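The values are calculated or read from the model by the stated rules, or taken from the named source; none is laboratory data. Keep in mind that what you see is a predicted model, and the values were worked out from it rather than measured. Here Cβ is always computed from backbone atoms with ideal geometry, including for glycine, and neighbour counts include all displayed protein chains. Only protein heavy atoms, including side chains, enter the accessible area calculation; ligands, DNA and RNA are left aside. Shrake-Rupley method; radii C 1.70, N 1.55, O 1.52, S 1.80 Å.
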Amino acid sequence: MTTTREDIRDRVNMYLDDISTLFESAELDAWMNEGLRRLSPVLLAEKNDQVEVAAGADSVSLPDDCVYVLRAYADGELPSWREHGGALLFSDVVNEGAATTVTVEYLGGWDAMAADDASPCPLADWQADVLVFYTVARAFRRLATNRADYRRYATVMNNQVDLEDIERLAATWQADFEAARLEARTRRQLLYEGQRVAGSRPEGE
Amino acid sequence: MSELAQVVSRIRSRLQDTDRSNYVWPTTLLEDFAGEAVRRLGPVVGVRKRVEVTNDGETYDLVTIFGSRPLEVEAVLIDYHMATGWRVYGNELLVGQLSVDAFEVRGVCAYQDVTELPAVLEDAVVLESCSKALDYLLRRGGRALERYLIDQGELEANELRGLADYYHEEFLAYREEWAVGTMRGLDT
């Protein structure tokens, strides 16, 4: 089973229930992607990319979304390297005579979900609810900050609702998101955090 | 193994929502809560799986191997011996060049569905589903909440909140209890 954008939107609509009609799908999708970005401070995506080091060069720019380099390797041996200011700096020229393709494994921000409903969410199934909680929190936050939306909400729900109640709901969902965000961390993520604090690198470098 | 209908029935029973002609919570909603509770087991407890993989390269997609993204890959075995030199990165298992026709991968996967659950974890899912159901009712408010509070013997909303919190705490305790040792996962 793989969680798709449609699955997440369906779960959001289940929680919003009667008031789901107050939100456009595009708006919910935008909040899901925002939720992915908000995940990055505690859980980064494992990514890789190839960068080309020019002949005679001893540095190369890293991908824009790179937060922390885990490994860098090429077909041949590479000089030792360190990461600084968005670049990979080698201790020596990589190859005097020809350009070298270097594969970089790194932790980076999450990519937005694909624009179609059927593509898989980049999170594992057990992690994906974090986006549901964030999206519902944002939906209630919007109701709480827009008087017109608030009146529509009160009409749909057919009961007397104080603005404070909606603000409280937004805060509750936000708290659910914060808790789920912390639980979404994998064992490897914790290992990476440990390496980062200790300043060590994975084996092989 | 659990059945979804049986789990929903247990949730209703615990919530005392048994009036078929006038349920407080629709069945589909309780099924969704049960599904969410199953996913909430993921950070702590999973199921161990062993899969035989045909050697046809150096890189393998873990979702293809296990059917879902594993919580952890524990070992790669060749002829019943632990292999070395493999690693996991992102959704891939990288094993390097192997000179065998097949190898075994062992890992811990999150539960996907209530039908996979052993009885001990079904209890945990029932508790969390009840917590989610009460929480939903409290967050939603309105006539459904009023009716439920009256039906439960003039309960106060804060008492219901206490019950929702209690069920959730119980779920967390069950979840920890069944996370076997440091390896996590239940053998099946």
task: Report the residue, chosen from B:ILE11, B:ILE78, B:ILE150, that carries the largest GNM mean-square fluctuation when chain B is represented by alpha-carbon nodes joined by springs under 10 Å.
output: B:ILE150
query: Residue by residue, what Karplus-based ³J(HN,Hα) values in Hz, rounded to whole numbers, does region B:111-125 have, using 6.51, -1.76 and 1.60 with θ = phi - 60° and x for Gly and Pro?
result: 5, 9, 7, 4, 5, 8, 6, x, 4, 4, 8, 4, 4, 4, 5
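Determine the shielding of peptide B:12-20 by partner chains: average, over its residues, the number of Cβ atoms on other chains within 10 angstrom of each Cβ. Mind dumping the intermediate values first?
Values: counts 0, 0, 0, 0, 0, 0, 0, 0, 0.
For peptide B:12-20, the averaged partner shielding equals 0.
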Sites matching GluC sites (Glu not before Pro) across region A:1-91 that sit in DSSP coil, with at most 12 neighbouring C-beta atoms within 10 Å: A:GLU24, A:GLU77
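Based on the Cα coordinates of region A:1-51, what is the per residue volume of their convex hull in Å³? Kindly include the intermediate steps, with their values, before the conclusion.
Numbers: hull volume 6.5 nm³, N = 51.
Hull volume normalised by residue count: 128 Å³.
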- request: Please report, in whole Å, how far the alpha carbons of chain A spread along each principal axis, starting with the longest.
  value: 75, 34, 34
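I'd like the per residue volume of the convex hull spanned by the Cα atoms of chain B, given in cubic angstrom.
Residue-normalised Cα hull volume stands at 126 Å³.
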- line: Interface buried area A-B, accessible surface with 1.4 Å probe, both sides summed, nearest 100 Å², comes to 2900
query: What's the Kirkwood radius of the protein assembly as shown in Å, using all Cα pairs?
result: 23.6
- prompt: Given the options A:ALA74, A:ALA114, A:ALA144, which has the most mean-square fluctuation in a GNM of chain A, springs set between C-alpha atoms less than 10 angstrom apart?
  reply: A:ALA74
- prompt: So what's Rg/Rh here for region B:94-188, counting alpha carbon atoms and using the Kirkwood radius for Rh?
  reply: 1.25
